[in-house]
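A.B. asks: Supplied in C-alpha cells, the structure appears directly below.
We did not get these values from a lab; they are worked out from the coordinates using the rules stated. Worth saying up front: this structure is predicted, and the values here are computed from it rather than measured. Reconstructed Cβ throughout: ideal geometry from the backbone, glycine too, with neighbour counts over all protein chains shown.
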C-alpha cells in the first residue's frame, strides 16, 4: 500500500496510466481483438517520438525559453542524407547512420552558434535555422526515391516475440539518458542551469559549453531519428518529421518534465509517447474522420496540459 | 560650477547623444530592410516598381501583415501563438463556406472563434500554462475544424469581400493603403492610448501592473482576443484574394508571423513590440520571399530559406547596433 502511494506520487506514472486506459478502451471496442498487435505497433512508433523527445527534454530542462523548433526540418534533412549515403546498399548502413548523426549534430551546433552569436532567444534561433534547413532539404531531397537498404529496413522492423528490437534498444538508450541526467556531471549541470543559470555559473558550471552540448545532442538525436524513420517508412520525405514538433514538446510536458526547466523526467517521455501513439490508434480504430482525429488530439493535449498545469513557462 | 563638473556634464551629453543615435538606428532598421529589398527589386527589374507591379507583388501582403499584427499582440504579453497559421486557415474555410451561404451563422462562428481566443488567454493566465504548448495543441484543433468545415479545397468568397479586395484606388495600390491603415490604427491603439500602455506593461512588468491594481487576467484576455480578431481579419483578407479556400491555406503563416514581429523590432520578452515595424516586417518578408527571388532567378525551393536568412541578417545587424549602444 505504501509502495503504491509512492508510485502514484511519481509524476511519470500518470502518462502510463493514460496509455493503459486508452489501450483498454480500444480493446474494449474491438472486443479484445488485436490487443497484442496494438502494443507491438505502439512500441514501434513510440520509439521515434521517444528519441526526439529525450533530446527536446534536455533542451527544455535548460530553462525558460529553451526549445528546439528545428527538429522537424532536421529529421527531414537527415532522412534524405541517410538514404542518399546508404544508396540502397547494405554495406553502407553504418556510414549512412553516421552521416545522419553528423548532419543532425551540425544543425544542433549551428543552432547554438546563432543563439550565442546573435544573443537571440532559442525559439527564434532554431526557427530561423529551420527555415534554412527546410529549403536545403527541399532542394537536396528533390525527387529522391531511394529505398533504404533491405538490411536496414528489416532492422527497423525487426521483432523478437512481438517486441520491436528498436524499442528494446531505445529503452537501453533512455536508461542511459536517465543515468546521464541524474548521475553524471553533464546531466546535473543541465539541471542546475535550468534551476538558476546565474547560480550555476557562479558555482563554476561552464554554462556555454553545457548549452552547446545540449543543443548538439538534441540535433544528433533528431538526425538519428530521421535515418530510422526513413528505414521504417521505406524512404525519405521532406515532411517525414512534421509531426515531431508537437510530439516532441508534448511528450516532454505530458511526461512530467517541468516546462520552467530544471526538472526532467525520462520515464515519463516513454509513457507520454505510448499515450499519444495509442490515442491515435484508438481514434483510427473508432473510425473517426481526419478532421475529428486532429480536433480530439488537440483538445486532449490542451486538456492534459491544463490538468497538469501550474508551472511557468516555456519562454 | 567647476570645470570638472562641466566636463562630465558634456561627456554625459555626448554619451546620451550616441545612445539616442543607436536607438534611432535600431528603430529605423525595419524600414531600412524594406528599402533595401525594394532597391534590390528596382535594380533587378525596374518595371516592377509601378502601380501594377506593386499591386501584384504585395498581393498577399495584407493577410500576412494582419496575421503578424495578431502574433504581435500575443508577443506583447510575453506569450507566443503557434496556432495562428491554422487559425487563419480555419477562418478562411468558414469565410468560403458559411459566411457566403449563411452570413449570420458565419459571423457567429467567427465571433465565437474570437471568444475561444479570449478564453485561451484566460486559461493560460489562470492555470499558469506555457502558451507554446497550449497553442501548439490548439493548432491541431483549428486544423481539424477547418477540415470538418471544408473537407476538400473549394468554396467561394462572398462577393462583397471579393470586390473589397479587388479595390483599385487611384495612384496608390490598395495593398499599400491597407498596410498604412493597419499600421496607423494599431499604432494608435497600442502605443498612444492609455489602455495600450497597460497592455504593453503586462508584458514589460506584470508585477508592477498588478500592484497598481490592474487585472492581469483582463490584459491577457484582451491581448488574445485582439490576436483572434486580427487572425479573423487575416483569414478573410486571404480568401478575398485567393477566392476559394483550403484547410491548409494558412499553415505557413505561423512562422511567417513570428518572423515578421521580430523583423519589425519586436522583442520576445518585455512587451517591446512595434505595430509599424511589424507591418514593415511583414511587407519585407512578403517581398523578399517570392518577387525578389524570382527576379534573381533563384528557384522557389529557397523561398523559405530567404525568410530565415533575412531574419538572421537583421538580427545580426541589431546585435551590432546594440553593441554600440553600450
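A.B. asks: Percent of Cα-Cα pairs per 20 Å bin, from 0 to the last occupied bin, for the protein assembly as shown, please list those.
C.D. replies: Pairs per bin, as whole percents: 18, 52, 26, 3, 0.
A.B. asks: Put one equal scatterer on each alpha carbon of chain A, apply the Debye formula with no solvent term, and list log10 I(q)/I(0) at q = 0.12 1/Å to two decimals.
C.D. replies: Result of the Debye calculation: -0.81.
A.B. asks: Within 10 Å of each Cβ of A:247-256, how many other protein chain Cβ atoms are there on average?
C.D. replies: 2
A.B. asks: Once every DSSP H run of n ≥ 4 in chain A is given -39500 (n - 2.57) and the sum is divided by its residues, what mean residue ellipticity at 222 nm do you get, rounded to the nearest 500 deg cm²/dmol?
C.D. replies: Counting only the DSSP helices, I get -24500 deg cm²/dmol.
A.B. asks: In deg cm²/dmol and to the nearest 500, what is the mean residue ellipticity at 222 nm of chain B if only DSSP H runs of at least 4 residues count, each as -39500 (n - 2.57), divided by the residue total?
C.D. replies: -24000 deg cm²/dmol
A.B. asks: Then there's this: Take peptides B:199-205, B:76-82, B:53-59 and line them up by average Cβ neighbours within 10 Å, highest first, as a rough protection proxy.
C.D. replies: So the order, starting with the most tightly packed, is B:76-82, B:199-205, B:53-59.
A.B. asks: Label residue B:210 and residue A:4 with points 7 Å out from Cα along Cα→Cβ: what is the distance between them in nm?
C.D. replies: With each label point 7 Å from Cα toward Cβ, the separation is 3.9 nm.
A.B. asks: Going by average Cβ neighbours within 10 Å, how do the peptides A:117-126, A:254-263 rank, with the highest at the top?
C.D. replies: Values: A:117-126: 21.4, A:254-263: 23.0.
Averaged packing, sorted descending, gives the order A:254-263, A:117-126.
A.B. asks: Order of A:217-228, B:304-315 by packing, highest average Cβ count within 10 Å first?
C.D. replies: A:217-228, B:304-315
A.B. asks: Over the stretch B:31-325, how many percent of alpha carbon pairs lie in each 5 Å bin up to the one with the longest distance?
C.D. replies: For the stretch B:31-325, the binned pair fractions read 1, 6, 12, 16, 18, 17, 14, 9, 5, 2, 1, 0 percent.
A.B. asks: Per residue of B:122-130, count partner chain C-beta atoms within 10 Å of its C-beta, then hand back the mean as an integer. Show your work: numbers first, answer last.
C.D. replies: Numbers: counts 0, 4, 5, 0, 2, 7, 6, 12, 15.
Other-chain Cβ atoms within 10 Å of each residue's Cβ, averaged: 6.
A.B. asks: Still on this model: What whole number of Å gives the distance from the Cα centroid of the stretch A:241-315 to the Cα centroid of the stretch A:137-164?
C.D. replies: Each part reduced to its Cα centre gives a spacing of 26 Å.
A.B. asks: To continue, here is another question. Between residue B:26 and residue A:30, how many nm apart are label points set 7 Å from Cα along the C-beta direction?
C.D. replies: Result: 5.9 nm between the two label points.
A.B. asks: Let me ask something additional. For each of B:188, B:224, count neighbouring Cβ atoms within 10 Å of the residue's Cβ, then give the residues from fewest to most. Display every interim value, and only then the final one.
C.D. replies: On the way: B:188 12, B:224 29.
By the 10 Å Cβ count, ascending: B:188, B:224.
A.B. asks: Counting partner chain Cβ atoms within 10 Å of every residue's Cβ in A:150-158, what's the average?
C.D. replies: Per residue, the number of nearby Cβ atoms from other chains is 0 on average.
A.B. asks: Let me ask another. Between the alpha-carbon centers of the stretch A:42-83 and the stretch B:37-56, tell me the distance in whole angstrom.
C.D. replies: 41 Å
A.B. asks: I want to make sure I understand the PRE zone here: with the label point 7 angstrom from the Cα of residue B:152 toward its beta carbon, which residues in the stretch A:262-291 have backbone N atoms less than 20 Å away?
C.D. replies: Of the residues in the stretch A:262-291, A:289-291 have backbone N under 20 Å from the label point off residue B:152.
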